[in-house]
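The values are calculated or read from the model by the stated rules, or taken from the named source; none is laboratory data. As the structure is a computational prediction, the values presented were derived from the model and not from experiment. Glycine also receives a Cβ, built like all others from the backbone with ideal geometry; neighbour counts cover every protein chain displayed.
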Amino acid sequence: METITRFAPSPTGYIHIGNVRSAIYPYLLARQNKGKLILRIEDTDRARYVEGATELIMDTLEWLGINWNEGPIVGGPNGPYFQSERKDIYHAWARKLIESGRAYADPTSPEKLDEYRKECTAKKVPFLYRNYRPENLPEWKPGIPLRFKTEPKEYNWHDEVMGDMHTGPEVLDDIILIKKDGYPTYNFAHIIDDHEMGVTHLMRGAEYLSSTPNYLALYEALNIDHPKIITLPHILAPDGRKKLGKRDGAKSVTEYREDGILAETMFNYLACLGWNDGTEQEIYTKDELIKNFSTDRIQTSGARYDETKLLWMNGQWIRKIFDEQGVDALYERTVNFWPENAKDATDEYKQKVLSIIYDRLKTLSDLREMTAYFFSDPTVDVDMLIGNKFLKKLSESELESLLKTSIAKLSALQTWDANNLQQTLNVLLEETGKKPAELFSLIRIAISFAPFSPALHLTLDVLGRETSLARLNAAASAI
RNA sequence: GGUCUCGUAGUAUAACGGUUAGUACAUCGGGUUUUCAUCCCGACAACGCGGGUUCGACUCCCGCCGAGAUCACCA
């Protein structure tokens, strides 16, 4: 049987890192089995609906490389893929339930419901609406919610991650199927949709675990089979132990993207948070994940989200892309991350800068801080020179003459390239009798006035003869 | 409160009855002609507690403790 999975977000805002995984895993499973991934928009809550959220979600998925086979834009045989456009379908199924006596219109007011609830809380007994079913039930019509008439019993089921599950009748209740505004609840809609769309594997977060028995009861009353149930453990907030949510400051995927986290990193990190293939591999391409993914190795316990490791992994990915795909591939991803003063620089020059700085980047946005001096002359800061921990021991006149010696030597260079620069710097070391720490720090700071920079000969090479010498002269005359 | 789930170093994890409990991030120390990184080497650091079962338990069973999820006309 073809594997059909789905990602079914509700358009209430951005996708944060706590819930991208419920898109990644279904995607991996679908691709691994040459199946289909369906994107379905669960927009039945009109109050929480956010304009543009669907586009934002699709944009995020696209960035991550999660493409769907059926859903908005691409269409498909099982549409519409917006729940708000499927009302008739839900109502048709609802009428079947009414006919079989498994659903009823519930005239109870929200106030009355509240009262019941408080009563139960006071008595310290669990609130179950089925104990309060009204006597004279009206016809179901718009304006009145429709409830499921449950038949309390035990349920046993298998969860691909959690294993064999069991619950007693006390967890079953008369859940609302259709709200008074005519829209279905998630509880009802997702069951109908998954069935009609042929979903074979249902992957969702652990927060749905406790309502699963109610869903099982619904499948039964509807006389339909349920997909394989795969419960994903929660991603926990970095500090607390709670499920990561927007309230805990869970950032949107878009935010990470803007901070210079690569899509590869995001995908890799999240896929491996709560899953591993049993080997010691840490860096996975999407294809490797598709190949190696298996639901039976998904963790059962929640995993804390660790941004430090994400940053480490991003550094790994930056280097991996550079090493395996070349500077062009990495450069393509950096276009939005250069400092303001790099605006007029050529692509060729920026690529040169990138190729000597890339292994220092944790995020692409580090470029802004780390490369400014490549694009315009830094402000001369004499204190930075004389206060440097290696240069402190030298007098100012010594520094000045050392700089002048260096300038003379470097100016004499026939061909200004990395190799020759390296050789010349070595000669300078011998001739001046200075330690590398002293001579190189001096030159490095004089040309960059930055806390750090790439290897000296490479930096000089990229800056070029004219700029390098001009900056050295400026520094020398400022001392 | 009911129900369900979870519990290996600070973090993510490996182990599926027998290992000096492995790996990675983080931290600390060292190395590679300056810095910051990369890279390499090293160090620190864990089986929640208590009972069983067993020749032998991180691994199986029970209890306890701790943590989380859920009990909406939200998804």
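Some observations on this one:
- When residue A:169 is tested against the conditions (1) crowded, with 20+ Cβ neighbours inside 10 Å; (2) farther than 30 Å from residue A:82 by Cα, the lone failure is (1).
- Scanning segment A:307-343 for residues being of a type in the set (Ser, Thr, Tyr) and surrounded by 15 or more Cβ atoms within 10 Å (Cβ to Cβ) gives a total of 2.
- The listed residue being outside the structural domain of residue A:198 (by TED's automatic domain parsing), over 22 Å from residue A:286 (Cβ atoms) and in contact with a helix residue (DSSP H, G or I) (Cβ under 6 Å, 6 or more places away or on another chain), out of A:55, A:42, A:51: A:42
- Scope segment A:449-479; condition polar (S, T, N, Q) and closer than 23 Å to residue A:414 by Cα; matching residues: A:459, A:467, A:468, A:473
- Restricting attention to segment A:276-308, the residues that are of a type outside the set (Val, Ile, Thr), touching a Phe, Trp or Tyr at 6+ places or on another chain (Cβ under 7 Å) and within 9 Å of RNA strand B (Cβ to nearest atom) add up to 2.
- The selection criterion, being assigned to a helix (DSSP H, G or I), touching a residue at least 40 places away in the same chain (Cβ under 8 Å) and more than 30 Å from residue A:93 (Cα to Cα), holds for residue A:254.
- Per-region count, segment A:420-444, residues within 50 Å of the chain's Cα centre (by Cα), touching a residue at least 24 places away in the same chain (Cβ under 8 Å) and part of a helix (DSSP H, G or I): 9
- Some residue of segment A:336-344 being within 16 Å of RNA strand B (Cβ to nearest atom) and part of a helix (DSSP H, G or I): no
- Residues in segment A:420-433 that are within 10 Å of RNA strand B (Cβ to nearest atom) and buried (at least 18 other Cβ atoms within 10 Å of the Cβ): A:425, A:428.
- When restricted to residues that are of a type outside the set (A, V, I, L, M), within 14 Å of RNA strand B (Cβ to nearest atom) and surrounded by fewer than 18 Cβ atoms within 10 Å (Cβ to Cβ), segment A:34-84 contains 6.
- The residues in segment A:255-275 that are within 13 Å of RNA strand B (Cβ to nearest atom) and at negative phi can be counted, and the count is 8.
- Qualifying residue in segment A:103-114 (condition: in contact with a helix residue (DSSP H, G or I) (Cβ under 6 Å, 6 or more places away or on another chain), touching a residue at least 60 places away in the same chain (Cβ under 8 Å), within 25 Å of residue A:217 (Cβ to Cβ) and more than 15 Å from RNA strand B (Cβ to nearest atom)): no
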